[in-house]
Amino acid sequence: MSTETDKPEGNKEERRRAAQAAKRQQKSTSRLYAVQALYQMEIGGQTVERVVAEFEQFRFGMTLDESEFADGDAVHFRALVDAAVNFQAKIDQMTDRALAAAWPIDRIDPVLRGLFRAAGAELLIPGTPPKVVITEFVDVAKAFFPEGKEPKFVNAVLDHMAREARPEAFQA
């Protein structure tokens, strides 16, 4: 085998891996944007249609003051926001069951509420393994609360929610 024939195959595999990594990064960014959108809807009283359009038009890949916003996966973003809105009561009930009795969901930080709703939505949508959902949203919590205890709290709550939403994924 010559090195001439090895290079295109290696390049093809490298391009495939790079494309997969870029797709994963876009999905991760979409999760962060979904939390921000749900927060914005709650705080600003805006409709889902308006907020989704704003994010897709102005935030995905936007450059502002020489800072570039990451590009997100618009389909995944819409799926998370739509499911969070459509299944909000079910997601809030799952979250309430995961929280201490003295701390119902309406008493927690609105950013965390948005995070639990977006993560709960992804747990209800088939496709992403629950452990991946937990890891991804703990990373989102770290982005919002880099110095706090919130990421550990998020991990515990999401673990409880995931075991309720998808118990089959946790059976040995």
Among residues of the stretch 92-123, those that are open to solvent by 20 Å² or more (accessible area, probe 1.4 Å), hydrophobic (A, V, I, L, M, F, W, C), in contact with a helix residue (DSSP H, G or I) (Cβ under 6 Å, 6 or more places away or on another chain) and over 16 Å from Tyr33 (Cβ atoms), counted: 1
- request: Scan the stretch 43-52 for residues that are assigned to a helix (DSSP H, G or I) and farther than 12 Å from Tyr33 by Cα and report the count.
  value: 5
query: Within the bounds of the stretch 54-63, is there any residue that is among the basic types (Lys, Arg), at pLDDT 85 or above and assigned to a helix (DSSP H, G or I)?
result: no
statement: Taking first residues from the stretch 152-172 that are under 11 Å from Pro129 (Cα atoms) and second residues anywhere that are charged (D, E, K, R), the pairs with Cβ under 7 Å that are 6 or more apart or on different chains are Phe170/Arg163
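The values are calculated or read from the model by the stated rules, or taken from the named source; none is laboratory data. Since this is a predicted model, take the numbers as computed values, not measurements. Note that each Cβ is placed from the backbone with ideal geometry, even for glycine, and that neighbours are counted across all protein chains shown. Note: areas computed on protein heavy atoms with side chains; ligands, DNA, RNA excluded. Shrake-Rupley method; radii C 1.70, N 1.55, O 1.52, S 1.80 Å.
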